[in-house]
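The values are calculated or read from the model by the stated rules, or taken from the named source; none is laboratory data. Everything quoted here is computed from the prediction, not taken from an experiment. Because the Cβ atoms are built from the backbone with ideal geometry, glycine has one as well, and the counts that use them run over all protein chains shown. Heavy atoms of the whole protein, side chains included, go into the accessibility calculation; ligands, DNA and RNA do not. Shrake-Rupley method; radii C 1.70, N 1.55, O 1.52, S 1.80 Å.
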Amino acid sequence: VGLHNHGFWRPKALLDTARFTLSLSSRHRKNHQDSQALWKHEAVQKYLETLSKEYQQVSHQLSADSLNDFEQRALRRRCADLSPIAAAFQEIKEAEREVQELEAMCTELDSRDEKQLLELALEEKKGLDKKMNMLCRKLFQLLVPKEKYDRSPVILEVTAGRTTGGDICQQFTKEMFEMYQNYADYKRWTFDIVNYTPAEIGGLHHAAAHISGENVYRHLKYEGGTHRVQRIPETGMSARMQRIHTGTMSVIVLPQPEEVDVKVDPKDLRIDTFRAKGAGGQHVNKTDSAVRIVHLPTGLAVECQQERSQLVNKETALRTLRAKLYQQVIEKQLSQEQSSRKLQLGTRAQSERIRTYNFTQDRVTDHRISYDARNIKEILSGKEALDKLINRLLEFAEIEAVTQYLENLQALEGGG
């Protein structure tokens, strides 16, 4: 599962055996709500002790004179892999000892004269607990290798629900697209709109953007899926009767590696031009600058209408098409899993929702990790509150990957 021929652990193997699907069982949700809880798991302790001992052995072997150049290089690489893990392991052990000493001290400080000292000790313990969780998160990030596409830019698409909610879906889709645009600004990424199809009433039917920057796919990969909204419309009969409407919209996030080597035969393409709609200046209704490209063998269709130049729009649409075709290559490599596009899009049914935005209760719920956040406006502003939610998802991803890896390892050791 993750062992070298000579018993060496290979970090890459973690991802080979445990792709995160955000499907933690109720048992894992209860026992592994954060990195510090997983740290206390017996299998984790045993595994890390093994890695720490191996690091000591490898360090000792490196000092031997009998090694040839090949063995020296192999051991140095192994030492470099294990060194940060062993250091983080010892750092957590030291912090854990400090917590235990403080807890022992707190049990003795129960007289009135020592009340102030007790408060100081408890405050220090809070700080140490926070430090422990941060160190555990850092350790598990070392154990879980970065995914191949984590550093890639993305194509992000939003689409209003087709069958439920009507106008409320289109308005919510617009708010969501603006949320991701604001989040890109918050993370100092570049957000280039590729396609934007507004609804007549001021909402949004469909839009797509190319987002580039540092670790874009890593942060956005779990945003793909069906998002549900529950709110009372601002106008109409439902608003007067205070009736709650429910609607959905879907998000798709496709990684777009810088070097996308996908050959597209011009004979396989149908290219249509049409007049652009919506924002973009007075030119939009005067020239057929918008471009739609259909890849005939697969039926994939992409549009771009953001630029005045038909040629520029055509190049952008071709780039998006290559990204979608490349995504199919990625999905074939992950054939044991459902395709990421299918997992994200599904049927847009409310039962497949990944997150609910309940305006009447001012609450956002991510159903995959049973996480509730208050203040929808803060989430939709695309800043700190959304970043906190996304980082919570990433932490659960790391926890599940480590948990799955250790379960596989235990099964092998037990002959299962």
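At a glance:
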{"quantity": "Answer residue from region 370-380, given it is at pLDDT 95 or above and in contact with a helix residue (DSSP H, G or I) (Cβ under 6 Å, 6 or more places away or on another chain) and is most open to solvent (accessible area, probe 1.4 Å) among those", "calculated": "Glu378"}
{"quantity": "Residue, nearest to Ile390 (Cα to Cα), within region 202-228, restricted to residues that are touching a strand residue (DSSP E or B) at 6+ places or on another chain (Cβ under 8 Å) and basic (Lys, Arg)", "calculated": "Lys221"}
{"quantity": "Residues within region 178-201 that are in contact with a strand residue (DSSP E or B) (Cβ under 7 Å, 6 or more places away or on another chain) and either of a type in the set (Ser, Thr, Tyr) or buried (at least 16 other Cβ atoms within 10 Å of the Cβ) (or both), tallied", "calculated": "13"}
{"quantity": "Region 210-243, residues that are touching a Lys or Arg at 6+ places or on another chain (Cβ under 9 Å), modelled with pLDDT under 85 and open to solvent by 40 Å² or more (accessible area, probe 1.4 Å)", "calculated": "Ile232, Met237"}
{"quantity": "Residues that are of a type in the set (Asp, Glu) and modelled with pLDDT under 80, drawn from region 121-166", "calculated": "Glu147"}
{"quantity": "Cβ pairs under 6 Å, 6+ apart, first in region 42-71 and closer than 20 Å to Leu143 by Cα, second at pLDDT below 80 and part of a loop (DSSP other than H, G, I, E, B)", "calculated": "none"}
{"quantity": "Criterion violated by Ile390 - all others in (1) in contact with a helix residue (DSSP H, G or I) (Cβ under 7 Å, 6 or more places away or on another chain); (2) at pLDDT below 90 satisfied", "calculated": "(2)"}
{"quantity": "Of all residues in region 262-273 being within 36 Å of the chain's Cα centre (by Cα) and open to solvent by 40 Å² or more (accessible area, probe 1.4 Å), the one that is modelled with the lowest pLDDT", "calculated": "Lys263"}
{"quantity": "Verdict on Leu75 being in contact with a strand residue (DSSP E or B) (Cβ under 7 Å, 6 or more places away or on another chain) and either in contact (Cβ under 8 Å) with a residue 60 or more places away in the chain or assigned to a helix (DSSP H, G or I) (or both)", "calculated": "no"}
{"quantity": "Long-range neighbours under 6 Å by Cβ, at least six apart or interchain, first residue farther than 24 Å from Thr360 by Cβ within region 375-398, second aromatic (Phe, Trp, Tyr) and buried (at least 16 other Cβ atoms within 10 Å of the Cβ)", "calculated": "Leu393/Tyr222; Ala397/Phe20; Glu398/Phe140"}
{"quantity": "Any chance Glu98 is farther than 23 Å from Glu54 by Cα, modelled with pLDDT of 85 or more and assigned to a helix (DSSP H, G or I)", "calculated": "yes"}
